[in-house]
1. For segment 37-132, state which chymotrypsin sites (Phe, Trp or Tyr not before Pro) are in a DSSP loop and have at most 16 other beta carbons lying within 10 Å of their beta carbon.
2. Would you please calculate the Kirkwood hydrodynamic radius of the chain over all C-alpha pairs and express it in Å, rounded to one decimal?
3. Suppose all protein chains stay in the model; what accessible area per residue would a 1.4 Å probe give for the chain, in Å²?
4. Note down the relative contact order for segment 1-122 as a percent, whole number, built from C-alpha pairs under 8 angstrom at least six residues apart.
5. Taking square-rooted eigenvalues a ≥ b ≥ c of the alpha carbon gyration tensor, is segment 44-90 rounded, prolate or oblate, where a/c under 1.5 means rounded and, failing that, a/b exceeding b/c means prolate?
6. Can you list the HN-Hα couplings for segment 12-26, worked out from phi with the Karplus curve (6.51, -1.76, 1.60; θ = phi - 60°), rounded to whole Hz and with x for Gly and Pro?
7. What angle, in degrees between 0 and 90 and rounded to the nearest 10, separates the Cα long axis of helix 116-131 from the longest principal axis of the Cα atoms of the chain?
8. Which GluC sites (Glu not before Pro) in segment 1-102 pass both tests, a DSSP loop state and at most 11 other beta-carbon atoms within 10 Å?
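The values are calculated or read from the model by the stated rules, or taken from the named source; none is laboratory data. Note that the coordinates shown come from a computational prediction; the quantities given were computed from them, not determined experimentally. Cβ placement follows ideal geometry from the backbone for every residue including glycine, while neighbour counts extend to all protein chains displayed. Ligands, DNA and RNA are stripped out before the accessible areas are found, and what is left, the full protein with its side chains, is counted by its heavy atoms. Shrake-Rupley method; radii C 1.70, N 1.55, O 1.52, S 1.80 Å.
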Amino acid sequence: MAFRLEYQITVDEDRNQVIYERFEELSLATDVPFHLSDWQRALSFMKPNFTVLYDVRRRVGPNVRLMPQYLRLHLLWLNAQVGVVAEVHPTVFNMHQISKKLREQTKLPVRLFTDRTAAEAFLHDFRLGLAA
């Protein structure tokens, strides 16, 4: 779907899921001009109650300069009727603080993980619950 120096976005239509992997380069970016349009394109393939696997383990540190863009992204997800987001963070505490601040502003349904396998299992169970 989108492969950039800073991130990769993959769409799995069968699972109604978007997979996002952030790379270290995004930690230092001052602008990511295609980020939101890449997400809009990915979301155009999703149905209501889609899930997001948001893997942000690979980073140098938090990039607070991009907070307004991250907030717009959360609102995009809400408007597209996201079911749940599984965020996979490194164990560094400051990464969780940024996520918490964004969740407080948007009330986005997010679960935090430090292990991608656990996040994937959670999303699998979430989808099973929707199918039941």
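1. Answer by residue number: Phe45.
2. So the Kirkwood estimate lands at 14.8 Å.
3. For the chain, the per-residue accessible area is 53 Å².
4. Relative contact order, segment 1-122: 23 percent.
5. Numbers: a/c = 3.13, a/b = 1.55, b/c = 2.02.
It comes out oblate by the Cα gyration axes.
6. So the J values, rounded to whole Hz, are 10, 5, 4, 8, 6, 9, 10, 10, 10, 10, 8, 10, 4, 4, 5.
7. 40
8. Taking segment 1-102 and a limit of 11 other Cβ atoms within 10 Å, the loop GluC sites (Glu not before Pro) found are Glu13.
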